[in-house]
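The values are calculated or read from the model by the stated rules, or taken from the named source; none is laboratory data. Small disclaimer: the values here were computed from a predicted structure and weren't measured. Note: ideal-geometry Cβ built from the backbone for every residue, glycine included; neighbour counts use all protein chains shown. Note: accessible area is taken over every heavy atom of the protein model, side chains too, but ligands, DNA and RNA are not part of it. Shrake-Rupley method; radii C 1.70, N 1.55, O 1.52, S 1.80 Å.
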Amino acid sequence: MQQPHPRFSVLSGSSLSSAEHLSPTASSTRFSLPSATSINTALGTPKPGVRPNIYDRNLNKTRTSEVSASAFAFLFSEVVQYTQKRVSGINDLERRLNTLGYRAGTRVLELMVWRAESSSKAPKREIRFLPALMSIHTQVWRAVFGRPADAIEKSVENEDEYMIIDNDPPIERHISVPKDMNQLSCSSFTAGIVEAVLDGLGLPARVTAHHTPTQQFPSRTTILIKLDKSVLEREEILK
């Protein structure tokens, strides 16, 4: 029997069984809601057509919409805490955050490609690495975080390594990392997004996140991209 792709089995190593994950009795009581009957009785039955279905919205018209920062911070902190309780160490936690980011990245790329094809008469797909990296630095960062990243750097020691620098990652502004886990980088979620976009563009790479703080930017993070050998070989052919 074929095993599921590791990117889509983030909860497979959980200490809980699948039945416990899905069982309502296993959930915390603070998330319990009254039954649908009591809600309808108290609020009344909503009139059809008053609130449009989210799936009926035009994707192009919502490209400038913003998500509440407090809502995102709460949701992401819950994701980190939920995952932390089901791992054996920092490396395992970062790996699972990377996997969750990879899932989000596939959807980000799909949405951006759809918008490009629908708004341009001659949409272009990047096949060279550097233009694709610039697109991630600006367009992907702006789509996910509302602003471009701060810088792009190339390793002087390794030809296959590039870095995206974010001086103040929005994803970590409200994350408090314990002293015994100071090596943890929650930007592994962002690294997963970058890796998914590169894979989707046919530029496979291994992407990781690393804290590189400075006195001016204590939360500075480096997204390290290590290209697959096939990408370098293709770049040489296309020169």
Checklist entry - Under a plain spin-label model, where a point goes 7 Å from the Cα along Cα-to-Cβ, how far apart in nm are residue 77 and residue 232? => result 4.3 nm
Checklist outcome for this item: Subtracting the Cα-Cα distance of residue 91 and residue 160 from 0.36 nm times their residue separation yields 22.5 nm
Item to check | Sites residue 103 and residue 130 - FRET efficiency at Förster radius 35 Å, r taken between beta-carbons, to 0.05 | outcome: 0.85
Checklist outcome for this item: Low-density loop trypsin sites (Lys or Arg not before Pro), the stretch 96-173, at most 15 other Cβ within 10 Å, DSSP non-H/G/I/E/B, are 121, 124, 125, 128, 173
Next on the checklist: Suppose the chain between residue 122 and residue 177 were pulled fully straight at 0.36 nm per residue; how much longer would it get relative to their current alpha carbon spacing?
Outcome noted: 15.2 nm
Next on the checklist: Leaving out ligands, DNA and RNA, and with a 1.4 Å probe, what % of the accessible surface on the stretch 170-239 is carbon or sulfur?
Outcome noted: 53 percent
Item to check | Long-range tail of P(r) for the stretch 144-239 (Cα pairs > 15 Å, %) | outcome: 65 percent
Checklist entry - Hey, what do the phi angles of the stretch 93-100 turn into as Karplus ³J(HN,Hα) couplings, whole Hz, using 6.51/-1.76/1.60 and θ = phi - 60°, x for Gly and Pro? => result 5, 5, 5, 6, 5, 4, 5, 5
Checklist entry - Cα centroid distance between the stretch 210-231 and the stretch 175-197, in Å? => result 11 Å
Checklist entry - In bins 10 Å wide, starting from 0, what share of all Cα pairs of the stretch 76-126 does each bin hold, as a percent? => result 23, 33, 20, 18, 7, 0
